[in-house]
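K.L.:
To start, I am sharing the structure in question, which I have written as structure tokens.
The values are calculated or read from the model by the stated rules, or taken from the named source; none is laboratory data. Since we're looking at a predicted model, the values are computed, not measured. For neighbour counting, all protein chains shown are included, and Cβ atoms are generated from backbone atoms with ideal geometry for every residue, glycine included. Side chains included, ligands, DNA and RNA excluded: accessible areas come from the protein's heavy atoms. Shrake-Rupley method; radii C 1.70, N 1.55, O 1.52, S 1.80 Å.
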Amino acid sequence: MNLQSQSWSARRQLRVVRSFKPIIFVAVAALLSTAIFLFSTFDISPLTSQHAIVSSKGVCPQEDVLIPRANFELWTAIGEEIGTTAFKASAIHWLSGAVQIETETYDDMGPVGEEPRWENRLLFHEYLEKAFPLVHAVLEVEKINKYGLLYTWQGTNVSLKPSLLMAHFDVVPVNPDTHSEWAYPPYSGWFDGQLIWGRGSNDDKSGLIGTIGAIEVLLRYGFQPSRTFVAAFGFDEEGGGSRGAKELAATVLHRYGENSFALIIDEGGGFSEEFGTVFATPGIAEKGSVNIDLSVAAPGGHSSIPPEHTSIGILSALLVRLENNPFEVHIERETSSYQMFQCFAEYGATIPAALRDAIKQSASSDVALREVEAILFQDQWFKSLVGTTQAVDMIHGGVKSNALPEQAWAVVNHRIATTSSVNATVEHVVDLFLPLAKEFDLEFSTFGKTISTPETGPKGSLRLTTSFGLEPAPISPFRGDKSAPYQLLSGTIKATYNAHRDLTGDNIVVGPGMPTGNTDTKHYWPISEHIFRYKHHNGGSTNNPLSGAHTVNESFSADSLLETVQFFVTLILNIDESNEL
């Protein structure tokens, strides 16, 4: 997914801050805990905590463990098979083979049918056909825009809303300069006895293999669903999904119509142990995003006779003003991030009393809410999660050391808070730049509209454009009359977690989460209001130094892969039995 490379040195800091002495350490611990479970990007050995959860109907209500009933014997039999050495070997082979096919997505790839770098997707298609023969014999398989895969598992009751399972099989490129830094070659799919190594092992071929592997196993046992299940696998998610998921979603929308699906699940967060309790965080929301391109033009000439400010100097002044005036950030009670902190306060077994009390009081006190902000915003991580961010990611100007640069440009990426919008983000930038445009006598235009022209004639120009803009995603209901899909997912997470560890009772808390970036679900908003970003995998502890997705040493544990398969088996059976979706 387009977000996942995170700084996991933060985990090591947790071992220091958990003494909870100064109040800033409380803030860092709380923040880092949130960051870890919301943005988990690598997998380790199973969590061992068995802290019993006392169910509450308060600020963080919990659903009961949900085990398939009509298909209980089937579910039990499959669970036993997943626990065998033979199945583990098969699952490892599935993911290892998938990783070995290089399906890299580059930003400069041309149209499908013209760009040869897309063609390795066909090799991946062939691999899936060989690895999962029952799926390809029983389900209807369509290739959308040549490389997108759409599987339809037709149910026996067409009156029931179908459900959509998503994943993507493209990966971010591996920088050739980093090959020597990998413990094993990045496309080896090597299994070292614990981890399957390679690009895509985490993001997101493990999710795809977990999904299609679960269907293959269910077919092997002769299961026929009552409800139709659709699986959509994109091939360019790392490039925004404009050729893959966008075309897949258009096909699904045309075929089924708006709000036609009971729920959608795609890649996303996992679970981790924090404050003595295991928390799972299915994403119910996503930030928006917009790239704003700044272009400054000024007269050229010989550098021996420079103006007071060159185009690069002007651009620099604009960027300094931007970074010195970040977006104002406040915690809003209706956001998923705040709701997750309520879950920490309610269920964190070892959360410090001071932080617990502050979070609980903030539910009804604005003063307390500002106090929570004062604690948490001392760390940039949580502040970035809550508010709109801005990052200057690209800059260019000039062609020669003795020639005045006639043009200079930069790209600023914004991740838009769920309480804001693209327009509000753009307006903020325009308001910041307008005084400088006047100061430097620049003609200032935004998105084709001139908003300022110097009276004495411009000495240059400033133009703002954008090639990409996405509003924050609709928030999936997690409380109230429309929350049945979220409740089903929560119960399924608990059932899978317990079954994989032979636990009884309630041993994991489920709370609403949110990824920092966007998945392919952004193309599917019209077909369901119940969209969840969640891949049931162990999100970590402080003792794993391995990197996650989008960087060197990407890996995925065999144990997490088995649990992912079990999760999708349980989810499919629970969805099929539900009378509330």
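K.L.:
Compute the accessible area per residue over the range 281-322, keeping the other protein chains in place, probe 1.4 Å, unit Å². Numbers along the way, then the final one.
P.N.:
On the way: 1540 Å² over 42 residues.
It amounts to 37 Å² per residue over the range 281-322.
K.L.:
Would you kindly state how much longer the chain becomes between Ser242 and Ala86 on full extension, computed as 0.36 nm times their sequence separation minus their alpha carbon distance, in nm to one decimal?
P.N.:
So the chain would gain 52.2 nm between Ser242 and Ala86.
K.L.:
Moving to a separate point now. Roughly how many percent of the accessible protein surface of the chain is carbon and sulfur, given a 1.4 Å probe and a whole-percent answer?
P.N.:
Summing carbon and sulfur atoms, their accessible area is 51 percent of the total for the chain.
K.L.:
Something else: Determine the percent antiparallel among the DSSP beta bridges restricted to the chain, to the nearest 5.
P.N.:
70 percent
K.L.:
Ordering Thr281, Thr466, Thr389 by how much accessible area each has at a 1.4 Å probe, largest first, what is the list?
P.N.:
From most exposed to least exposed: Thr466, Thr389, Thr281.
K.L.:
So if each residue of separation counts as 0.36 nm, and I subtract the Cα-Cα distance between Lys438 and Thr465, what length gain in nm does that give?
P.N.:
Full-extension gain reported as 7.8 nm.
K.L.:
Would you work out the charge dipole size for the chain about its Cα centre, treating the Cβ of every Lys and Arg as +1 and the Cβ of every Asp and Glu as -1, and quote it to the nearest 20 debye?
P.N.:
Numbers: 41 positive and 66 negative charges, 151 e Å.
Using only the charged Cβ atoms, the result is roughly 720 debye.
K.L.:
Going by a ≥ b ≥ c, the root eigenvalues of the Cα gyration tensor, does the chain fall in the rounded group (a/c under 1.5), the prolate group (a/b larger than b/c) or the oblate group?
P.N.:
prolate
K.L.:
Which FRET efficiency value, to the nearest 0.05, is calculated for Arg220 and Thr453 with the Förster distance at 45 angstrom and r the Cβ-Cβ distance?
P.N.:
On the way: r = 71 Å, r/R0 = 1.57.
Calculated value: 0.05.
K.L.:
Oh, and also: Whole angstrom only: what separates the Cα centroid of the range 159-191 from the Cα centroid of the range 219-293?
P.N.:
16 Å
K.L.:
Hey, what's the range 155-278 come to in accessible area per residue, 1.4 Å probe, Å²? Provide the component values of the computation, followed by the final result.
P.N.:
Values: 3830 Å² over 124 residues.
Here the residues of the range 155-278 average 31 Å² of exposed surface.
K.L.:
Could you order the peptides 447-460, 363-376 from most to least packed, using the average number of other C-beta atoms within 10 Å per residue?
P.N.:
Answer by packing, highest mean first, reads 363-376, 447-460.
K.L.:
If you don't mind, there's one more thing I want to ask. Stretched out fully, how many nm does the piece from Arg333 to Asn175 gain, at 0.36 nm a residue minus the Cα gap?
P.N.:
The span from Arg333 to Asn175 would gain 52.7 nm if fully extended.
K.L.:
So if I take the centroid of the Cα atoms in the range 457-474 and the same for the range 108-144, what is the distance between those two points in Å?
P.N.:
First find each Cα centre; the distance between them is then 37 Å.
K.L.:
Would you mind computing, in nm to one decimal, how far apart the modelled labels at Leu319 and Phe72 are, each placed 7 Å from Cα along Cα→Cβ?
P.N.:
Inter-label distance under the simple model: 6.4 nm.
K.L.:
Continuing with the same structure: In degrees between 0 and 90, to the nearest 10, how far off the longest principal axis of the chain does helix 311-324 point, with axes built from Cα atoms?
P.N.:
50 degrees
K.L.:
For the Cα atoms of the chain, what angle does the longest principal axis make with the long axis of helix 120-131, in degrees from 0 to 90, nearest 10?
P.N.:
10 degrees
K.L.:
Also: Accessible area per residue, 1.4 Å probe, Å², for the range 420-512: what's the number?
P.N.:
44 Å²
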